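Working notes, beginning with the structure itself.
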Amino acid sequence: MKYNNVDFDTYFKNYPDESGFFGKYGGSYIPPELQKAMEEITDAYYAISKSGKFISELRRIRKEFQGRPTPISYLERLSGQFGNVQLYVKREDLNHTGAHKLNHCMGEALLAKYMGKKKVIAETGAGQHGVALATAAAYFGLECDIYMGAVDIKKQAPNVARMKILGANVIEVTDGLQTLKEAVDAAFTAYCNEYKDAIYCIGSVVGPHPFPMMVRDFQSIVGIEAREQFLEMTGELPDAVVACVGGGSNAMGIFSGFLNDPVDIYGVEPLGRGEKLGDHAASLTYGTEGIMHGFNSIMLKDENGEPAPVYSVASGLDYPSSGPEHAFLHDLGRVKYDTVNDDDTIDAFYTLSRLEGIIPAIESSHAVAYGMKLAKEMDKGSILINLSGRGDKDMDYVIEKYGIR
Ligand SMILES: *Cc1c(COP(=O)(O)O)cnc(C)c1O
């Protein structure tokens, strides 16, 4: 299938190119000492991840440890509200640890093991990536250093406890605002000093090449399974596929299965409290081209051109940019990016819980809300929503802030 001169039959061979570009987006904008480390990871990834041994080991882990394949569920009661539109969810909430992040963390940690590394290093904001990586490190017997801002450590006590129980070192970062940005800087600095023994594990399809490609490839299991399962369940492809977009890993995972199909694809960004800069994290919708954290993409900038402060009710979505492949698919028009605000998200959180017995993560609730909005606009057809994670982590917060609806 061709789309604006991009041939999706051969898409994964050509995107990213050798230097990690999706069109003009992506690349690797980092200090020379880190460039060497990234090249080592890139070479290892190409050599190791295509080997039969690596592939079959990862396949076995996905089945026996992660609990894959995760099912697709038909939302019968919710669909009943929309006439002839059928809604389905891909159940990444049932993946071990309760979200899709383990899909790429197991891949990255297995790669670390094959490369002979002893340690994995990462930063975490809300703690979800830290928990997934700590889980992978425990499984493979790797040391795990997680850098986290002091403010986030206080806010995310349950995830800090989980990481510590899993044996990770949670390293407190006390520079600047003591949140995610400072944690990224501290983790990168540590990695510069330790790259001989350690590998940096990025938590989404962001950062310098090869991470946007590598994380997408590890997440593509979601799209591969979903396409096959949906065809088996219904005999057809879905008319629309929907996923929430923070950095964009769960979205790239499911989208990758349908890019070459006549399927409408929607990425949902958090509109937070509204359209004013600082009140949302809808970087593809309101941002402009720019470089941060080592890659070129579309980002939200402040008046000095620096990454802008962002906000979303979903802490997993409040990032001022998105992966370069999303920027590319955005400009191409292959994926439509749109927004959902906090309030509609919380409504969807309760609706899915009440009607289907599935408590979604607040991140995933953005996709559910958008799926419901689409269903209202369509008079028939089917919508497949990626349910990136479960909402156990969010229940106390939702009740405290919004009450029972
Ligand atoms: C982290 C997270 C997200 C956002 O990350 P992406 O890379 O955009 O997928 C979405 N949903 C859940 C449940 C998360 O934990």
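The values are calculated or read from the model by the stated rules, or taken from the named source; none is laboratory data. All of these numbers come straight from a predicted model, not from anything done at the bench. Positions of Cβ are backbone-derived with ideal geometry, glycine not excepted, and every protein chain shown enters the neighbour counts.
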Verdict on Thr97 being out of contact with any His (no Cβ under 6 Å at 6 or more places or on another chain), modelled with pLDDT of 95 or more, at positive phi and not aromatic (Phe, Trp, Tyr): yes
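When you scan segment 96-192 for strands (runs of 3 or more DSSP E) that lie fully inside it, which ones turn up with 1 or more residues that are within 24 Å of Thr70 (Cα to Cα)?
It comes to none.
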Checking the conditions here, which among Ala369, Ala327, Ala361 is within 12 Å of the ligand (Cβ to nearest atom) and in contact (Cβ under 8 Å) with a residue 40 or more places away in the chain? Ala361
Considering only residues that are in contact with a Lys or Arg (Cβ under 8 Å, 6 or more places away or on another chain) and more than 15 Å from Val205 (Cα to Cα), which ones fall in segment 243-287? Gly257, Phe258, Leu259, Asp261, Asp264, Ile265, Tyr266, Asp279, His280, Gly287
Working only within segment 126-159, note down all residues that are under 21 Å from the mean Cα position of the chain (by Cα) and within 19 Å of Glu92 (Cβ to Cβ). Ala126, Gly127, Gln128, His129, Gly130, Val131, Ala132, Leu133, Ala134, Thr135, Ala136, Asn159
Looking at segment 237-258, can you tell me whether even one residue there is assigned to a helix (DSSP H, G or I), of a type in the set (D, E, K, R) and away from the ligand (no atom under 15 Å from the Cβ)? no
Conditions (1) within 11 Å of the ligand (Cβ to nearest atom); (2) free of Cβ contacts under 8 Å to residues at least 60 places away in the same chain; (3) not small (Gly, Ala, Ser) -> Glu306 fails only (1)
Residue ID - surrounded by the fewest Cβ atoms within 10 Å (Cβ to Cβ), chosen from residues in segment 7-38 that are over 23 Å from the mean Cα position of the chain (by Cα) and assigned to a helix (DSSP H, G or I): Pro32
Using beta carbons and a limit of 7 Å, which pairs, at least six apart or on different chains, have the first residue in segment 243-261 and at positive phi and the second one near the ligand (Cβ under 6 Å from one of its atoms)? Gly248/Ser204
